[in-house]
Amino acid sequence: DAKTTQPTSMDCAEGRAANLPCNHSTISGNEYVYWYRQIHSQGPQYIIHGLKNNETNEMASLIITEDRKSSTLILPHATLRDTAVYYCIVRPSTSGTYKYIFGTGTRLKVLA
Amino acid sequence: NAGVTQTPKFQVLKTGQSMTLQCAQDMNHEYMSWYRQDPGMGLRLIHYSVGAGITDQGEVPNGYNVSRSTTEDFPLRLLSAAPSQTSVYFCASSYSRGGSPLHFGNGTRLTVT
């Protein structure tokens, strides 16, 4: 199972873009990259996912490097409500092992 | 849709007691899983299932049992509770096909004294 590595914590000024990196150097060709966030002790919330191409939705953008060994989650205009722990994980795109392994994530603090 | 429903929300057990944490989903998801989250830590996978009758171990399976008799339900059993099992437990589900995100329940806070 591919593992991911993320910085322990980051700060971002309110209104600025928050760029959260993730390293997944052992990712295989059929594995998606997913991002989730967890606010306080609530259940994690899905943000975005991608396989090879960059993706954007109403919450964020996901930039995946060409070699797929790393990715960056971008929150374009961070607000105080974006303060949370952000998790980057990988999962196969086809049937097989379904071990979604979460690491310790990045604790993002948005500063007023 | 109710999504993923976990019961109870809170539970206090004495050491050695047994109990079952309930998880139900109404999205017809094939995949279901249980995680535990200790204070200040990330989520650790306990057990998971890819369909009725099929379960497998995650990262930290010891002390827990699961079964999957229906698509909707995936209960987690603590056979003999220990203080080390004090944690917040999350259930999650998804479709099996690639590109399907996990949907999480709101968690069960378990304290073992």
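The values are calculated or read from the model by the stated rules, or taken from the named source; none is laboratory data. Just so we're clear, the structure is a prediction, and the values are computed from it rather than from any experiment. With ideal geometry, Cβ positions are generated from the backbone for all residues, glycine too; neighbour counts draw on all protein chains shown. Remember, those area values only see protein heavy atoms, side chains included, never the ligands or the DNA or RNA. Shrake-Rupley method; radii C 1.70, N 1.55, O 1.52, S 1.80 Å.
Tabulated results
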{"quantity": "Accessible surface buried once B binds A (1.4 Å probe; total of both sides; Å²)", "calculated": "1800"}
{"quantity": "Minimum 20 Å² accessible area buried by the other protein chains, region A:61-90 residues, probe 1.4 Å, relative to alone", "calculated": "A:Y87"}
{"quantity": "Exposure of B:E30 as accessible area (Å², to 10), given a probe of 1.4 Å and all protein chains", "calculated": "70"}
{"quantity": "Cα coordinate range in region B:22-113, projected on the principal axes (Å, largest first)", "calculated": "39, 26, 21"}
{"quantity": "Of A:K3/A:K109; A:K52/A:K99; A:K69/A:K109; A:K109/B:K14, those spanning more than 32 Å from alpha-carbon to alpha-carbon", "calculated": "A:K109/B:K14"}
{"quantity": "Heavy-atom accessible area ranking, 1.4 Å probe, most first, across B:R109, A:R107", "calculated": "A:R107, B:R109"}
{"quantity": "Calculated FRET value between A:K109 and B:A2, using beta carbons and R₀ = 35 Å, to 0.05", "calculated": "0.60"}
{"quantity": "List B:T108, B:T55, ordered by accessible area with a 1.4 Å probe, largest first", "calculated": "B:T55, B:T108"}
{"quantity": "Estimated inter-spin distance, A:T8 and B:F10, nm [label 7 Å along Cα→Cβ]", "calculated": "3.1"}
{"quantity": "Accessible area of chain A divided out per residue, in Å², using a probe of 1.4 angstrom", "calculated": "50"}
{"quantity": "Surface accessible to a 1.4 Å probe, per residue, for the residues of chain B, Å²", "calculated": "45"}
{"quantity": "Average other protein chain Cβ within 10 Å of Cβ, residues A:46-52", "calculated": "2"}
{"quantity": "Within the accessible area of the protein assembly as shown (1.4 Å probe), percent carbon and sulfur", "calculated": "49"}
{"quantity": "Per residue Cα convex hull volume in Å³ - calculated over the protein assembly as shown", "calculated": "116"}
